Amino acid sequence: MEGRLAMEEKKNILTYEGLRKYEDELHDLKVVKRKEVAQKIKEAREQGDLSENAEYDAAKDEQRDIEARIEELEKILKNAEVVVEDEVDLDKINIGCCVKIRDLEFKEDLEYKIVGSTEANSLKGKISNESPVGKALIGKGLNDVVEVETQAGILKYQVLEIQRSN
């Protein structure tokens with residue numbers, strides 16, 4: 001029994017926004033990009049000798065990349081678990097929340113949206129619930145202080161605000 005549980009793929013926790021983004025990308029790849037690359041391959045074939053045809057090779061590479069991404073997206077969506085952000089309890093930090101925290105050492109305020117690992121993008125302020133900071137924040141409440149162990153040492157953050165994402 002336990003061996004079977006380990007085999008089960010982990011759920012991809014997504015916000016509704018993340019789900020829509022992946023669905024749109026998948027649709028675009030299947031409906032638009034597949035046709036475009038098929039056309040490129042057809043045109044390259046019509047040029048004759050395929051052994052020295054750079055356009056043909058490039059189109060086949062692109063086709064392989066598209067199919068790999070489609071497979072990846074289908075796997076993400078198959079195991080997707082959507083967080084309904086309107087129902088997120090704002091007493092505690094959870095996936096789908098936006099949080100404002102203060103770095104107690106540098107007296108700097110930071111804002112993050114907590115998302116599932118497939119949606120994380122630190123450049124856009126989206127951190128994963130599995131990242132060190134995300135993991136430390138999950139379940140915490142207003143004014144709680146969390147300690148996060150990093151390569152640079154232990155960082156301390158105080159929770160200033162918990163809100164729904166806009």
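A simple charge model with +1 on the Cβ of Lys and Arg, -1 on the Cβ of Asp and Glu and nothing else charged puts the dipole of the chain at about 240 debye relative to its Cα centre.
For the residues Asp103, Asp91, Asp61, a GNM of the chain with alpha-carbon springs under 10 Å puts the largest fluctuation on Asp61. Of the accessible area of the stretch 77-166, computed with a 1.4 Å probe over protein heavy atoms only, carbon and sulfur atoms account for 46 percent. Binning the alpha carbon pair distances of the chain at 10 angstrom intervals from zero yields the distribution 10, 28, 23, 19, 13, 7, 2, expressed in whole percent.
Would you mind telling me which residue in Lys113, Lys124, Lys135 has the biggest mean-square fluctuation in a Gaussian network model of the chain, where springs connect alpha carbons within a distance under 10 angstrom? Ranking Lys113, Lys124, Lys135 by mean-square fluctuation puts Lys124 first. The Cα center of the stretch 90-150 and the Cα center of the stretch 12-74 differ in position by 35 Å. Note down the relative contact order for the stretch 47-113 as a percent, whole number, built from C-alpha pairs under 8 angstrom at least six residues apart. That works out to 16 percent.
Per residue, the convex hull spanned by the Cα atoms of the stretch 112-166 measures out at 88 cubic angstrom.
Over the chain, Cα pairs under 8 Å with separation of 6+ residues give a relative contact order of 23 percent. Per-residue ellipticity at 222 nm from helix content only, as computed over the chain with -39500 (n - 2.57) for each DSSP H run of at least four residues, stands at -12000 deg cm²/dmol.
Which entries of Lys11/Lys156; Lys78/Lys140; Lys33/Lys78 have Cα-Cα distances beyond 25 Å here? Where the Cα-Cα span goes over 25 Å, the pairs concerned are Lys11/Lys156; Lys78/Lys140.
If the Kirkwood radius is taken over C-alpha pairs of the stretch 40-117, then at 20 °C and 1.002 mPa s the Stokes-Einstein diffusion coefficient equals 124 µm²/s.
The values are calculated or read from the model by the stated rules, or taken from the named source; none is laboratory data. Computed from a predicted structure; not experimentally measured. Every residue, glycine as well, gets a Cβ built from its backbone with ideal geometry; the counts of neighbours run over all protein chains shown. To get the accessible areas, we keep the full protein, side chains included, count just its heavy atoms, and leave off ligands, DNA and RNA. Shrake-Rupley method; radii C 1.70, N 1.55, O 1.52, S 1.80 Å.
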